[in-house]
1. What percentages, rounded to whole numbers, describe P(r) for chain A computed over all alpha carbon pairs with 10 Å bin width beginning at zero?
2. Scan segment B:106-209 for trypsin sites (Lys or Arg not before Pro) in coil per DSSP, keeping those whose Cβ has at most 12 other Cβ atoms within 10 Å, and list them by number.
3. Remind me, relative contact order of chain A in percent, using alpha carbon pairs under 8 angstrom and six or more residues apart?
4. So the label point sits 7 Å from Cα along the Cα-to-Cβ vector; using that for A:Leu265, what distances do you get to the other copies, in nanometres, sorted shortest first?
5. Calculate the dipole size of segment B:123-274 relative to its Cα centre from +1 charges on Lys and Arg beta carbons and -1 charges on Asp and Glu beta carbons; express the result in debye to the nearest 20.
6. For chain A, return all DSSP H helices satisfying: extent of Cα atoms along own axis at least 24 Å; mean Kyte-Doolittle hydropathy at least -0.5.
7. If the cut-off is a Cα-Cα distance under 19 Å, which lysines reach B:Lys165, setting aside same-chain residues fewer than 8 apart in sequence?
8. What quantity of accessible surface, computed with a 1.4 Å probe and excluding non-protein components, is buried in total between chains B and A, in Å² to the nearest 100?
Number of protein chains: 2
Amino acid sequence: MFFGGIEAGGTKFIVGIGDSSGLITDHVEIPTTSPGETISIVVDYFLAKRKSIKIDRIGLASFGPVDLNPKSTTYGYITNTPKLDWMNFDILHELEKALLIPVVIDTDVNAAALAEYEWGAAQGKDPIVYLTVGTGIGGGVIVNGKPLHGLSHPEIGHLRIRQSKIDYKFSGICPFHKNCMEGLASGPAIFARWGVLGQDLSPDHIGWELEAEYLAEGISNLILTISPEIIILGGGVMKNDFLFPMIRRKVKENLNNYVTKKEILDCNDVYIIPPGLKSFSGLAGAIALASDN
Amino acid sequence: MFFGGIEAGGTKFIVGIGDSSGLITDHVEIPTTSPGETISIVVDYFLAKRKSIKIDRIGLASFGPVDLNPKSTTYGYITNTPKLDWMNFDILHELEKALLIPVVIDTDVNAAALAEYEWGAAQGKDPIVYLTVGTGIGGGVIVNGKPLHGLSHPEIGHLRIRQSKIDYKFSGICPFHKNCMEGLASGPAIFARWGVLGQDLSPDHIGWELEAEYLAEGISNLILTISPEIIILGGGVMKNDFLFPMIRRKVKENLNNYVTKKEILDCNDVYIIPPGLKSFSGLAGAIALASDN
């Protein structure tokens, strides 16, 4: 039994085919341009694949925010995105209409969390949080084996965090909230503050202290709220793996022996860790959405 | 079928009897003194009741933190409490040994959340958050109909929030974190800051603006994390019901049209609301723990 997966990102789409064991048998990347152009290439990919294999369902792991409430009139729409071409685009039904098979939608980060839970670094843990730190910051949450939805879906990137006193000159770059976590700690925030890309800051640059501090602010509050059994940090910024021990130390300081669990007190590499599926969390998550539903 | 309920609070215990419809047929209050003395009065209450009715299970809604991990060697213990008499007290097994029936434990606030979900103001909503603002601040969370646990349990009172610039003189009173939400916005924090009890501050005192701001900081982050379908605010401080519209307005400002849901944008009394079960959320929650398990 095969499933299709679409990781719909703001820069590129990754589409592919996989099975319920998480094996990905094929994948291609498509640049994100206009909805019409990008979706038509996605549709062509699956139409071509279906000549040789049967695809039962497609999972769609979308950038967001997306409307995930099946009772809503805008269910399956990308809603409030700064990518204006895509705002209020009915991505779910456009795909279903063109392909005539069921499409299961969730946020890219909920899907990535699901993939890490089923096949990656979070197996056997519940609840779990997956956070990606890159062009934006986003978070997915699995509770009782399922992605968390409610009034909407988690929007962890926009957590209100405490700004460091030494960072007083920087007002933050989030168009909605200025100095939320994304506004202070995303890749573009690093660039806006220092005038260079993160990859060009040396590991001992004070910017990384700030970065670890801001991510630790958000993560500490996630621990106090969701009490996850594991926290996965992915995305381009987290490829700077020296950030992990810095973040663990700051989280421990923040909680100050209130949550007396060795996972937090020991600061070792068991609780706040990189993705097990590397850069495939998103596509694997899309396939997991399809195979679970 | 009858169930026992124990709301174990830092000031008093409320014990009672109820059924699986949430009907409470009897209850008494017991002052919290030493563990030995308080528990022996609790035990005597249930032993006396069992002369006339059969009690199948007892739910224990405890102040905390408590160890809720059944695999842990300190499962059922009150752990890190500032009430030193009760620190590391094995409340669960002391009760089971004395009464020889199963006791189901959770935090007082998870239990209150469960009661509001089953019988109170949060019926039909999922996920939900219950926050109590009084001597301390605590929060319970229901997801997929069940109290949320993980590495530990939610400790929402200790969220790190942004302190107001006008409040710069106040360092906060939390013994672990100083200026966490509990350290800035609990009843004792109000007293420490203004030198009078909340009940003696007039409704137009600037202290209430600060109070609403701090609670809105925490609640905004809860919305961005758990995306609850409803948020219940109970506890002594929230008896000042003029706080509700102030909090709703500040939450809307914080989210700044990013979460475009009418529940948030309209600021009316459907989303951030008082408990439906009034001061019985805790005891009813204890009974719900017993009747659900």
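The values are calculated or read from the model by the stated rules, or taken from the named source; none is laboratory data. All values derive from a computational prediction rather than experimental measurement. With ideal geometry, Cβ positions are generated from the backbone for all residues, glycine too; neighbour counts draw on all protein chains shown. Accessible surface is based on the protein model in full, side chains and every heavy atom, while ligands, DNA and RNA are left aside. Shrake-Rupley method; radii C 1.70, N 1.55, O 1.52, S 1.80 Å.
1. Bins of 10 Å from zero give 7, 29, 34, 22, 8, 1 percent of pairs.
2. Values: sites: B:Lys125, B:Arg160, B:Arg162, B:Lys165, B:Lys169, B:Lys178, B:Arg193; in loops: B:Lys125, B:Arg162, B:Lys169.
Sites meeting the loop and neighbour criteria: B:Lys169.
3. On the way: 610 pairs, mean separation 64.9, N = 293.
Once normalised by length, the contact order is 22 percent.
4. 4.9
5. Details: 15 positive and 16 negative charges, 63 e Å.
Computed charge dipole of segment B:123-274: roughly 300 debye.
6. Working: long enough: A:206-225 (29 Å, 0.52).
Membrane-span-like by this rule: A:206-225.
7. Straight-distance partners of B:Lys165: A:Lys165, A:Lys169, A:Lys178, B:Lys178, B:Lys250.
8. On the way: alone 13780 and 13770 Å², together 23270 Å².
In total, this chain pair buries about 4300 Å².
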